[in-house]
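> This structure is in structure tokens; I'll ask about it shortly.
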Amino acid sequence: MKKTRSLSFLAVGLAALSLAFFPGTAAKRPAATTPPEFDSCTSILVGRLASADGSTMTSHSCDSGSDRTWMSIVPNRKHKPGDTAKLYLEPKLAKGPDDPERLEAGEIAQVPETFAYLNAAYPIMNEHQLAIGETTIGGRRELVSQAGMIDAPELFRLCLERAKTAREAVRVADELTALHGYNDWGECLTFADPKEVWQFEIYGTDYDMTRTLVAVNRRGETAKSPVASPFMSNDLRELLRIKRERTICSPASTYLQITQSRDWLPGPIGGVVWLGYDNPATTPHTPFYIGIDRMPGSYMVDGRRAYRRDCAWWAYRTVSKLALFRWQEMTKDVERVWKDIEDRVFPGQAKLEEEALTLYKKDPRKAKELLTTYCLDQADQAVAAYWKLADELWVKYSGNF
């Protein structure tokens, strides 16, 4: 009798575990008439006068149950006159950099040069230390345009490819969406360069909600928005169904970033992205300098379609989901591991950057090699530590599942 009871609890535990690891399998789509609510994807801006060391910063918690987990470094490229740039629908769902199943949304005129950048579901930072974060502000379904060619992830990419500063990024975003249309939910894009920070709010509508009361729509007609205002009053929040409170730390996070842009260091060294995978409460932040030439192999594997031990995201997701079973106890074990990783990395940052700067002045390529080797080593050690932690949690708490 006792054995049967244990097996029953095991079956229930495994069923709950499957829901924890694959929450999308049990989720139900809301009815079309249900007003949308937006509590995901949150960013924070920090100006250089507000930070301890003079860095500007922005962040982004990519809260999603479907966004891709692979990341890559896209190099700087030169283009010929007359070249065009392809736009894609929902590139955040792509299986890889050259996914043959990607759907094209159209083409736009290419620029002579596109800058190198760290590419994620929502691209993060370019070679000039221009960084982007994002807060989904949503809005009413009626404000989502179906006519535009550019969605939020593609807008991120285009800004990082074409702008060197936050001000330039705002201009690029404004001009491209006015010309080619925006087809996503309401977003607040947060831009940070080495000197200043800006934010850009956009909805998929013919009306410009942030710049002026009068706008020209895509049909060339002058229109006046009945709700256009640079201020988010309580009435406007209620009209657009935007909540004032939201959760920054979400267990549904695919990845999270905190960026640093520093004007006293050259771009490859001054720009650093502190990355974490899955739940921000259970993951360490490991550094990726924007001067590196590639991401770790395990970061370039997408984990959305299968459980894979060669995928970095699954190391962190396994730990975060296991911790939900006995949160009070398990998170103490998890904290010891992520704290050890961060305590090892943070104190050595100044020494590494000093060495990289010395190399950079003599041979930028050697500085790039140093930064790449360092970042990949730190990331690989952290991933290995989390796989080890996952195995230890199974053993230590197996009697409680």
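> At most 15 other Cβ atoms within 10 Å and a DSSP loop assignment: could you name the chymotrypsin sites (Phe, Trp or Tyr not before Pro) in the range 290-384 that fit?
307
> Starting from the Cα of residue 167, step 7 Å along the direction of its Cβ; do the same at residue 397; then give the gap between the two resulting points in nm.
Once both label points are built, they end up 5.1 nm from each other.
> Could I ask something else about it? Starting from the exponent 0.38 and prefactor 2.2 Å, build the expected Rg for the range 35-95 from its residue count and divide its actual Cα Rg by it.
Expressed relative to 2.2 N^0.38 Å, the Cα Rg reads 1.66.
> In whole Å and largest first, what semi-axes does the C-alpha gyration tensor of the range 306-400 yield when each eigenvalue is scaled by 5 and square-rooted?
After scaling each eigenvalue by five and taking roots: 35, 15, 8 Å.
> Please work out the FRET efficiency for the pair residue 293 and residue 77, using the Cβ-Cβ distance as r and a Förster radius of 22 Å; give the result to the nearest 0.05.
After rounding to 0.05, the efficiency reads 0.95.
> Using a Förster radius of 45 Å, what is the FRET efficiency between residue 179 and residue 366 based on their Cβ-Cβ separation? Nearest 0.05, please.
Computed FRET efficiency for residue 179 and residue 366 comes out at 0.60.
> Calculate the FRET efficiency for residue 146 and residue 66 from the Cβ-Cβ distance with a Förster distance of 22 Å, rounded to the nearest 0.05.
My answer for the efficiency is 0.65.
> Let me ask something else about it. Points 7 angstrom from Cα along the Cβ direction at residue 99 and residue 336: gap in nanometres?
Rounded to a tenth, the inter-label distance reads 3.9 nm.
> I've got another one for you. Can you check how the C-alpha radius of gyration of the range 67-153 compares to 2.2 N^0.38 Å, as a plain ratio?
Compactness ratio reported: 1.19.
A short reminder: the numbers here are calculations on the coordinates, not readings from a lab. Worth saying up front: this structure is predicted, and the values here are computed from it rather than measured. Glycine gets a Cβ as well: all are built from the backbone with ideal geometry, and neighbour counts include every protein chain shown.
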